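Chemist: Just dropping this structure here.
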Amino acid sequence: MRFLIFVSLAAHCLFTACSPKVAPISGNKPDITFWLPQQRDSIQRNNYRIIIDTDNINISGFWIVKRVDETWSGTMINEFGFKMFDFTCTAKKCKLLNVVAIMDKWYIKKTIAGDVQFMLEIDNPEYKTGRKTDRQHINDSLTISYKKEKMLQRFVTGEMTMHNRKHNLKYSFKKME
């Protein structure tokens with residue numbers, strides 16, 4: 001019993017020293033953003049290789065995004081050249097258009113539209129959800145979390161992932177040269 005406090009203190013110091021370096025970042029800090037200039041151009045067309053994973057289905061293809069005025073417009077095409085959906089996205093609203101029949105259900109469109117908006121508008125100060133996020137640098141990757149529902153990550157390799165924990169969806173994407 002005499003050494004219980006000493007052992008407890010030593011274990012606490014050991015675990016604290018071995019934990020990864022975590023630096024919290026304010027959600028409104030303008031100098032630290034998710035999108036780096038080499039990952040997204042606000043003038044030119046952006047092409048990404050994307051994979052959407054669920055429990056039952058994996059969809060891989062190309063995600064094409066371009067900023068026109070204050071709106072992000074784009075499309076997702078699978079590897080065979082079939083269009084999955086088009087979209088328009090602003091800080092206030094994201095809408096899917098021309099959705100393929102298998103995905104043309106209100107709850108699927110609502111989920112994907114919310115995820116696309118989270119990915120594209122996360123750095124926009126007018127995007128309400130983006131202002132409520134928790135941003136952390138863990139090792140050399142940036143992690144942005146919104147409640148326990150969504151998590152967006154940017155890795156040193158240039159790959160980015162977005163996890164929708166509520167609906168068990170994972171979007172992995174990387175800019176194509």
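The values are calculated or read from the model by the stated rules, or taken from the named source; none is laboratory data. Since the structure is predicted, the reported quantities are computational estimates derived from the model, not experimental observations. Neighbour counts run over all protein chains shown; Cβ positions are idealised from the backbone, glycine included.
Chemist: State yes or no: is Ser141 within 22 Å of Met176 (Cβ to Cβ) and within 13 Å of the chain's Cα centre (by Cα)?
Modeler: On the way: within 22 Å of Met176 (Cβ to Cβ): yes; within 13 Å of the chain's Cα centre (by Cα): yes.
So Ser141 passes the test.
Chemist: Testing Pro24 on (1) over 19 Å from Asp123 (Cβ atoms); (2) modelled with pLDDT under 50; (3) of a type outside the set (D, E, K, R), one condition comes back false. Which one is that?
Modeler: Condition not satisfied by Pro24: (1).
Chemist: Name the one entry in Trp63, Trp72, Trp35 that is modelled with pLDDT under 95 and either surrounded by fewer than 18 Cβ atoms within 10 Å (Cβ to Cβ) or not basic (Lys, Arg) (or both). Break it down into steps so the answer makes sense when it comes.
Modeler: Details: Trp63 fails: modelled with pLDDT under 95; Trp72 fails: modelled with pLDDT under 95.
When all the criteria are applied, what remains is Trp35.
Chemist: So which residues in the range 121-131 are part of a helix (DSSP H, G or I), surrounded by fewer than 17 Cβ atoms within 10 Å (Cβ to Cβ) and touching a residue at least 60 places away in the same chain (Cβ under 8 Å)?
Modeler: Arg131, the sole residue that qualifies.
Chemist: Can you report the number of residues in the range 136-177 which are part of a loop (DSSP other than H, G, I, E, B), surrounded by 14 or more Cβ atoms within 10 Å (Cβ to Cβ) and of a type in the set (D, E, K, R)?
Modeler: So in the range 136-177, the residues part of a loop (DSSP other than H, G, I, E, B) come out as 139-140, 147-149, 155-159, 165-168, 176-177.
Okay, now just the ones that are also surrounded by 14 or more Cβ atoms within 10 Å (Cβ to Cβ), so 149, 155, 159, 165, 167.
This time we only want the ones that are of a type in the set (D, E, K, R), so: 149, 159, 165.
Counting residues in the range 136-177 that are part of a loop (DSSP other than H, G, I, E, B), surrounded by 14 or more Cβ atoms within 10 Å (Cβ to Cβ) and of a type in the set (D, E, K, R) gives 3.
Chemist: Looking for whichever is without any contact (Cβ under 8 Å) to a residue 40 or more places away in the chain and within 25 Å of Asp41 (Cβ to Cβ) here; the options are Phe155, Phe118. Which one fits?
Modeler: Working: Phe118 fails: without any contact (Cβ under 8 Å) to a residue 40 or more places away in the chain.
On inspection, the qualifying residue turns out to be Phe155.
Chemist: Scanning the range 77-90 for residues that are modelled with pLDDT under 95 and either touching a Gly at 6+ places or on another chain (Cβ under 6 Å) or small (Gly, Ala, Ser) (or both), which turns out surrounded by the most Cβ atoms within 10 Å (Cβ to Cβ)?
Modeler: Looking at residues that are modelled with pLDDT under 95 and either touching a Gly at 6+ places or on another chain (Cβ under 6 Å) or small (Gly, Ala, Ser) (or both), I get Asn78.
Listed here are the residues, each with its yes/no results for (1) without any contact (Cβ under 8 Å) to a residue 60 or more places away in the chain; (2) closer than 15 Å to Ile52 by Cβ; (3) in contact with a helix residue (DSSP H, G or I) (Cβ under 6 Å, 6 or more places away or on another chain).
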residue	(1), (2), (3)
Thr75	yes, yes, no
Lys92	yes, no, no
Asn98	yes, no, no
Ile102	yes, yes, no
Thr133	no, no, no
Glu149	yes, no, no
